[in-house]
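Engineer: To start, I am sharing the structure in question, which I have written as structure tokens.
The values are calculated or read from the model by the stated rules, or taken from the named source; none is laboratory data. This structure is a prediction, so every number in the text was calculated from the model and none was measured. Because the Cβ atoms are built from the backbone with ideal geometry, glycine has one as well, and the counts that use them run over all protein chains shown.
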């Protein structure tokens, strides 16, 4: 099936500079690991999403291109490497995410928090896209205590499809519980989540998921088209027209989301700084 969306090839001086900076410090980005279609646009504008805790994930979601299994030791110098890279790139808004590390006693939450704390020394705004840490409140509290400005955790798909799309350890209700706990535990934090379409869900199911996220206190929502990264992942059931994304955008604002980014190539970190600025101004 031919993909009906055009993506710019990764080129340009800014793109090359960021790629060389990241590679020279042996860092990972979800932009590369997840084959993000916006890598050229984001890197050319000076935005990158750093992926910490290694390049291999302990889970095996069926939509994701990130390598899973063969878990490696954490890099004790990672906080400093991320700090140095962000400073060199002169960013004023950064997104940090991570793989799942169910193999570790604290699921990597302490190491993730140390990266946040180090980057905060730069005085910039930090958005984190976190795993669910198994829903463990003590692990979530470590992230909360590091005080990022935005905490995102993705629900990914509708309730009916969750068992066939996500790893068995990543439950629909567990995601909602994590988002609700974060919102109730950290004053002033902005919460965010993302939904993929094109996996066989109905509009009604997507809208139900959107409302579940709103009821959990989520303020920023992104909706994007699922694109099969490789033949190892799930096939695309359908490519949604722009009218469908427009419908979800309008429905999201009607439900009370403060910022909605909805489009074929939209991903969680897409226009991240813009979403934060709109939330800040509103508050």
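Engineer: Can you name the condition, by its number, that residue 281 falls short on among (1) in a helix (DSSP H, G or I); (2) modelled with pLDDT under 65; (3) in contact with a helix residue (DSSP H, G or I) (Cβ under 9 Å, 6 or more places away or on another chain)?
Structural biologist: Of the numbered conditions (1) in a helix (DSSP H, G or I); (2) modelled with pLDDT under 65; (3) in contact with a helix residue (DSSP H, G or I) (Cβ under 9 Å, 6 or more places away or on another chain), the odd one out for residue 281 is (3).
Engineer: Hey, another quick one. How many residues does the stretch 72-103 hold that are part of a helix (DSSP H, G or I), touching a residue at least 60 places away in the same chain (Cβ under 8 Å) and under 19 Å from residue 54 (Cβ atoms)?
Structural biologist: 1
Residue by residue, here is whether (1) in contact (Cβ under 8 Å) with a residue 12 or more places away in the chain; (2) assigned to a strand (DSSP E or B); (3) in contact with a strand residue (DSSP E or B) (Cβ under 8 Å, 6 or more places away or on another chain) holds:
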residue	(1), (2), (3)
66	yes, no, yes
70	yes, no, no
118	yes, no, no
126	yes, yes, yes
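Engineer: Checking residue 111 against (1) touching a helix residue (DSSP H, G or I) at 6+ places or on another chain (Cβ under 6 Å); (2) more than 21 Å from residue 222 (Cβ to Cβ); (3) without any contact (Cβ under 8 Å) to a residue 60 or more places away in the chain; (4) part of a helix (DSSP H, G or I), which single condition isn't satisfied?
Structural biologist: In the conditions (1) touching a helix residue (DSSP H, G or I) at 6+ places or on another chain (Cβ under 6 Å); (2) more than 21 Å from residue 222 (Cβ to Cβ); (3) without any contact (Cβ under 8 Å) to a residue 60 or more places away in the chain; (4) part of a helix (DSSP H, G or I), residue 111 misses (1) alone.
Residue by residue, here is whether (1) modelled with pLDDT under 60; (2) surrounded by fewer than 21 Cβ atoms within 10 Å (Cβ to Cβ); (3) touching a helix residue (DSSP H, G or I) at 6+ places or on another chain (Cβ under 6 Å) holds:
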| position | (1), (2), (3) |
| --- | --- |
| 8 | yes, yes, yes |
| 39 | yes, no, yes |
| 69 | no, yes, no |
| 75 | no, yes, no |
| 94 | no, no, yes |
| 97 | no, no, yes |
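Engineer: Right, something else. Filter the stretch 42-52 down to residues that are buried (at least 17 other Cβ atoms within 10 Å of the Cβ) and out of contact with any helix residue (DSSP H, G or I) (no Cβ under 6 Å at 6 or more places or on another chain) and give me whichever is modelled with the highest pLDDT.
Structural biologist: Across the stretch 42-52, the extreme among qualifying residues is 47.
Engineer: Of all residues in the stretch 162-187, which are more than 19 Å from the chain's Cα centre (by Cα), outside any helix (DSSP H, G or I) and touching a residue at least 24 places away in the same chain (Cβ under 8 Å)?
Structural biologist: 186
Engineer: Also: Residues being at positive phi and not in a loop (DSSP other than H, G, I, E, B): count how many of those fall in the stretch 128-155.
Structural biologist: Residues flagged as at positive phi and not in a loop (DSSP other than H, G, I, E, B) within the stretch 128-155 amount to 3.
Engineer: Moving on to the next point. Among the listed residues 138, 145, 113, identify the single one that is buried (at least 20 other Cβ atoms within 10 Å of the Cβ) and farther than 30 Å from residue 234 by Cβ.
Structural biologist: None of the other options fit; the residue is 113.
Engineer: Sticking with this one: Name the residues in the stretch 221-259 that are part of a strand (DSSP E or B) and at pLDDT 95 or above, would you?
Structural biologist: Those that are part of a strand (DSSP E or B) and at pLDDT 95 or above: 221, 222, 223, 224, 225.
Engineer: Same structure, new question: Considering only the stretch 246-271, state which residues are in contact with a strand residue (DSSP E or B) (Cβ under 8 Å, 6 or more places away or on another chain), within 15 Å of residue 207 (Cα to Cα) and without any contact (Cβ under 8 Å) to a residue 24 or more places away in the chain.
Structural biologist: 246, 253
Engineer: Output the number of residues of the stretch 181-197 satisfying the condition of being over 11 Å from residue 161 (Cβ atoms) and either crowded, with 20+ Cβ neighbours inside 10 Å or out of contact with any helix residue (DSSP H, G or I) (no Cβ under 8 Å at 6 or more places or on another chain) (or both).
Structural biologist: 10
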